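Written below as structure tokens is the structure these notes are about.
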Amino acid sequence: MRRFFSTGLLGFVALLSASAWSATPAPVQEATPAAGLIIGFKEEGEDRANYRTERGPWASDRERARKAWDRSARRDRERVARLAKEAGVDLAGAGEAGNAHLLRFDRPLKGQALERALRRLRLHPEVAWVEPNVLVKRQQLAPGEPDDPLFGLQWHLQPPDNITNFSGLNLPAAWSIRHGSSVVVAVVDSGVRFDHPDLAGRLLPGYDMVSEIDIANDGDGRDADASDPGDWVTAGEAGQGVFQGCDASPSAWHGTFIAGQIAAASNNAAGVVGLNWTASVLPVRVSGKCGALLSDLLDGLRWAAGLSVAGAPANPTPARVINLSFGGDAPCSQAYQDTIDEVTRDDSGRKGALVVVAAGNGLPQGNSALLRPADCQRVMAVGAARKDGAKAAYSNFGAGVALMAPGGSAESSPNNLLVSTDNCGKTSPGSPADGDCLNVPPPGHSYGYKQGTSFSAPQAAGVASLMLGINPALSPAQLIDRMKTGARSHTFDPSHSTCSATHTGVCNCTTATCGAGLLDAERSMQLAAGPAAVIVPLAQVEPGSVVALDGRQSVAISGSTIVSYQWQQTQGTPVALTADSTSLAGTTLVAEGTYTFRLTVADDLGRTGSDTVQVVAARPPPPPGGGGSSGLFWGLALWAWVVGVAVSGRRRRSA
């Protein structure tokens, strides 16, 4: 009996080990070093699970949530240290990565060393998933920036004439409705140049979330200085250490350009015009030389939205709109999605923030598929259209794109590029005389030409901020829906092919490949004036539960009233709704699964608005085993894996 048990147990361990190996994602590419690991726990601590449940006034509620988050962070860092020790992974420090947990290495790991660390953590019974904490590059600037005289400034803001300009945003008509609002728009990017004259009075203090000194390039880690010191990479640095996979490049002043697109000082007889004349830009610096660590980027998203980040002060000016113009390096991960989910939902008196992201500049050489963050749920992915309305050659596309906005293109340069606030320094900040950017009177006003989906996204962010000035009750999902509804139809040029898997360069868009159409600011603002359906979020429940569908917080704009409500089910096992034509309906979730319900409201002028709520019915998981048999099997599985690696290595050496 004892021999049978031993043999059976070892067989089970071998099966468990093989199962763990077969479920492991493909090996990390040799050229991708990681500064640490981002970890998700199967069971979160009580503080982490319940930190949002406090009740009370908004200010004190935020303070309670912050203290609970800090308690959770301290305990989770201790837990990460314990897991690292048990798994045999060297630990230099522990922290947070958005809503997930961070294990820092003392030096970057790649290849087999990184794979071993990943595999050891994945085998631990308390770990749900692990991913490398890699550098995520901002969207690269497309080539073709000229040093020609300024001409055709900001064609992308003009009304489309359907002769040479098909993709203009139609801002003059939109500004006749409202030219500004006091909405806070966060630019989660490289920081900004606070000394640019055309950004004076438009910038909030912000925060610097870059944690690694070599990447930060400002001599320190996280602090309250969100200024951009320059992010150049020298030929000697490229491909070395933390900069493996990075090319030599000059400073881009990426965040400064985007901040000017959204909210440059306007109607001041100088420089460029921002989309929103009175918005405040919240700069959240997450990237430096070669890009941003994923952990810094996720923490930056949380802080921008007014959520707690351990070690950082509370954000006194949470953003309602967040622009994130970063490149896609992988499909959307659990860490990314969990953070976006929390940032975009209403919570504890805080309104959810719309996250606008760039579709990506991966073409024509790369894959057209959307990658994170553009393929994450609950974001607004924006692709780049040329002045003639066709998809720009560099722009990624696919079913996940919400719509297209002008991104600029190099033909007929500079007429078809975008222009905004910039800096002329090739490395550290410079003056207009130091580079080949544009120097527009009065002296010191530096501007530059750029193109890319990085600069399509801020245009949707700016339009969203104008819409919130008209109707601040609009949720992120409602903002996306109304901008898509107001989009103009895609153009068609018979000289271009239709966008497809075989035609990925300059091509004619369809709703299947490039979203709803071309962004139109005037139409979007007109649609903002309708009523907003507001539904109370629902937590996970057990099958058989009765749930209330509460739309009583729905609002009409000033001077109008809501006159009708209508609920309907759009996903899940069919269930009966009670009082489905009132603001407060109900239903019983009869089986396990995900259910989605839509509320449509109409005001006394016949305008409508809608929103959805999703609820999961699931049985609670069994209580954890407390480290008994699961801990034993985990230890045996890890031991079996180590033996397998040793045997494999011996075979290779003997060969």
Give me the 1.4 Å probe accessible area per residue for region 167-229, excluding ligands and nucleic acids, in Å².
35
Starting from the Cα of V563, step 7 Å toward the Cβ, then list every residue of region 600-619 with an amide N under 16 Å from that point.
601-609
Within region 309-338: backbone nitrogen closer than 16 Å to the D220 label point (7 Å, Cα to C-beta):
311-313
Take the alpha carbon atoms of region 529-546, find their center, do the same for region 334-355, and report the distance between the two centers in whole angstrom.
16
For Q261, what charge total do you get from the other residues with a beta carbon under 12 Å from its beta carbon, if Lys and Arg give +1 and Asp and Glu give -1?
-1
If packing is taken as the average count of other Cβ atoms within 10 Å, what order do 366-378, 205-217 fall into, highest mean first?
205-217, 366-378
T510 paired with A548, simple spin-label distance in nm, labels 7 Å along Cα-to-beta-carbon:
4.7
For a protection proxy built on the mean count of beta-carbon atoms within 10 angstrom, sort 492-501, 66-75, 474-483, 451-460 highest first, please.
451-460, 474-483, 66-75, 492-501
Rounded FRET efficiency, nearest 0.05, which uses the C-beta distance separating E411 from E237 and R0 of 25 Å:
0.15
Need one number: the % of Cα-Cα pairs in region 343-389 sitting beyond the 14 Å mark.
59
What is the set of long-range amide H partners of L293 at a cut-off below 5 Å, with H atoms built 1.01 Å from backbone N?
V136
So, with points 7 Å from each Cα along the Cβ direction, the A270-A314 label distance in nm works out to 3.7
Summing Lys, Arg as +1 and Asp, Glu as -1, what charge do residues with Cβ under 14 Å from the Cβ of H196 carry, H196 excluded?
-2
Debye log10 I(q)/I(0) for region 512-563, one point scatterer per Cα, at q = 0.26, 0.28 Å⁻¹
-1.00, -1.08
Around Q569, what is the net charge, scoring Lys/Arg as +1 and Asp/Glu as -1 over all other residues with Cβ under 12 Å from its Cβ?
0
Can you give me the long-range amide H partners of G430? Hydrogens built in the peptide plane at 1.01 Å from N, cutoff under 5 Å, separation of 5 or more residues or another chain.
C424, G425
How large is the convex hull of the C-alpha atoms of region 249-289 per residue, in Å³?
67
At a 10 angstrom cut-off on C-beta neighbours, averaged per residue, how do the peptides 182-192, 94-104 rank from highest to lowest?
182-192, 94-104
Given the whole protein assembly as supplied and a 1.4 Å probe, what does the accessible area of T570 come to in Å², nearest 10?
80
Two-decimal ratio, region 473-531, of alpha-carbon radius of gyration to 2.2 N^0.38 Å:
1.36
Ignoring any ligand, DNA or RNA, what whole percent of the accessible area of region 264-305 comes from carbon and sulfur when the probe is 1.4 angstrom?
51
In the full protein assembly as shown, how much of H490 is accessible to a 1.4 Å probe, in Å² to the nearest 10?
40
Can you list the residues, at least 5 places off or on another chain, whose amide H is less than 5 Å from the amide H of D347, using H built in the peptide plane?
G352
Run the simple label-point estimate for S581 and T502 please: 7 Å along Cα→C-beta, distance reported in nm.
5.3
On the full set of protein chains, 1.4 Å probe, figure out the accessible area of E411 and give it in Å² to the nearest 10.
60
Tell me, how many Å apart are the Cα centres for region 371-406 and for region 263-302?
20
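The values are calculated or read from the model by the stated rules, or taken from the named source; none is laboratory data. If you're wondering where the values come from, they're calculated on a predicted model, not measured in any experiment. Cβ atoms come from the backbone with ideal geometry, glycine included; neighbour counts cover every protein chain shown. Remember, those area values only see protein heavy atoms, side chains included, never the ligands or the DNA or RNA. Shrake-Rupley method; radii C 1.70, N 1.55, O 1.52, S 1.80 Å.
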